[in-house]
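Notes to accompany the following structure.
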Amino acid sequence: MKRGSLVLLLVVASLSALSTGSTAGSTRAASAAWQPFDFNGDGYRDLAVGSIGAAMRGKPRVGAVTALFGAQTGLSSTRRQTIHQGLSWVPDTLEANDRFGSAIASGNFDGDSYADLAVGSEREQFPNASSYGSVTLLFGGPAGFAKGVRYVTPPNNLPSCNTFGGIVTSGDFNADGYSDAVAGSNCNAGIWVIPGRPNARAGGAPMQNLETIESVNYSNMALAAGDVNGDGYDDLAETDYRASPTQTPISRLRLHLGGPAGLTTAISQEVDDAVSVTIGDFDGDGFGDVASGSWHPVSATDPPGHVSVWYGTSTGLDLERGRQTITQDTPGVPNMAENGDQFGTSVAAGDINNDGKSDLAVGVPGEDIYSRRNAGLVSVLYGGASGLSGSGAQQFHKNTAGIPGTIGSWQSFGSPVALLDINGDGRADLVAAAPHDGREGLVSIVRANRTALTGSGAKTLSGTGVGLTGSGPGFSSSAVFGWSLAQ
């Protein structure tokens, strides 16, 4: 099964996932009680979806973020807010190809009662720089979003290859009760921390340059926040990839520890073979475990797509226990490993069955379904006392009973995925996107019951259904609703 042109899309879309600490901030409350992903403070979880191909006022690919507001009956396309850079309160202006919504993370950056968003615009344009990039913090409120502030990195030697905001995450790295945003680039901007604080709405917070790209051949790929060593401070896992015609491809995962002063610039631990990344407590021992997907083989012995799991301890990743490798050939995991499936393109952690142990959703957007090439699917693995296993594993695609929609080629279902408690019942539901569905992109929500996910009662929302249009017909001109999901 050929990878085709999916790799760039899937790298950028594999955003950071739900953490054991909280990607949306520490449990040490700041100035007010709040719920993660509740943007308007009504007690129901909301969902934010990025659409980098959305056209606005005749300009192509300006991008947009759609906030879908929850209710007792769940999410609906009629309860929504569309956010773009043409609004008076959003910094900057509408410009073709900015790709607002390249990446999204949720947190509470100002410590009030409402969840906020950090939104990347990886191709934000500046004088003499066509792809410089920016990150906009959007602040929630009783009527949704109405305030934003923008951050950019200082100029560097390669301003046209910065793409700052291509990846974002959020965590409370100094446990002060305010979420901090972390943003990076799949080019050479490095990794930057935007600290949360009481006056975050004023903007201008001093950014911390956590890490600089080693060379133009390295690309940051994904970020995730969670408390790996159980000390009460969120830590940061980041992945990067080296692709060079003269060097062997390398992918790696690096861990930065949080503490009273925030994230350390020093790399605490480094392991190889990682592209997408998430953090969850898969064995329920109180330490965050890191799961990373890799679909770029870096040696002849690597499977075509796999997930590596490193379990957490009080000192960080348990290198003595070593890596757990999961593929579609792992006993109990549905389907089988095949070249081009891209198993592990996206990963997300959350507790589906409310047993106190995180479960894992794995995007497989290159999977062929029947005769439909690259239709895509999602594999779900469940945590237990010994961690993740294939026992009880499930798979979902657009032909699964109960999931609305029509399966088709090149839809890339599962690129990205999220596990979020949409209806507030304490169980994480699966959110999976098919950004190249013919209806300007599509997002499916698969509900959790008491023991597992079920297609019964699943809901699907499309780009056309939320009022988005692309710049024209065809694969490359759609709104790409579902390119990114807030996590």
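Pairwise Cα distances in region 334-403 exceed 19 Å in 35 percent of cases. Of all aspartates and glutamates in the structure, those lying under 19 Å Cα to Cα from K59, and not within fewer than 8 positions of it along the same chain, are D92, E95, D98, E122, E124, E440. Split the accessible area of the chain by element, probe 1.4 Å, and carbon with sulfur accounts for 50%. Accessible area per residue for the chain is 32 Å², calculated with a 1.4 Å probe on protein heavy atoms, without ligands, DNA or RNA. Computed about the Cα centre, the dipole magnitude for region 313-414 is approximately 200 debye when only Lys and Arg (+1) and Asp and Glu (-1) carry charge, each at its Cβ.
Computed per residue of the chain from DSSP H runs no shorter than four, each worth -39500 (n - 2.57), the mean residue ellipticity at 222 nm is -500 deg cm²/dmol.
In region 271-405, the C-alpha radius of gyration followed by the widest Cα-Cα span (Dmax) gives 14.6, 48 angstrom.
The Rg/Rh ratio for region 349-487 is 0.99, where Rg is the radius of gyration of the alpha carbons and Rh is the Kirkwood radius. Above 41 Å, the calculated P(r) of the chain contains 7 percent of its Cα-Cα pairs. What the phi angles of region 199-207 give under the Karplus curve with 6.51, -1.76 and 1.60, with θ = phi - 60°, is a coupling list of 9, 4, 5, 7, x, x, 5, x, 7 Hz, glycine and proline written as x.
The values are calculated or read from the model by the stated rules, or taken from the named source; none is laboratory data. These figures come from a predicted structure and were not determined experimentally. Note that we place each Cβ from the backbone using ideal geometry, even for glycine, and neighbour counts take in every protein chain shown. With ligands, DNA and RNA removed, areas are computed over all heavy atoms of the protein, side chains included. Shrake-Rupley method; radii C 1.70, N 1.55, O 1.52, S 1.80 Å.
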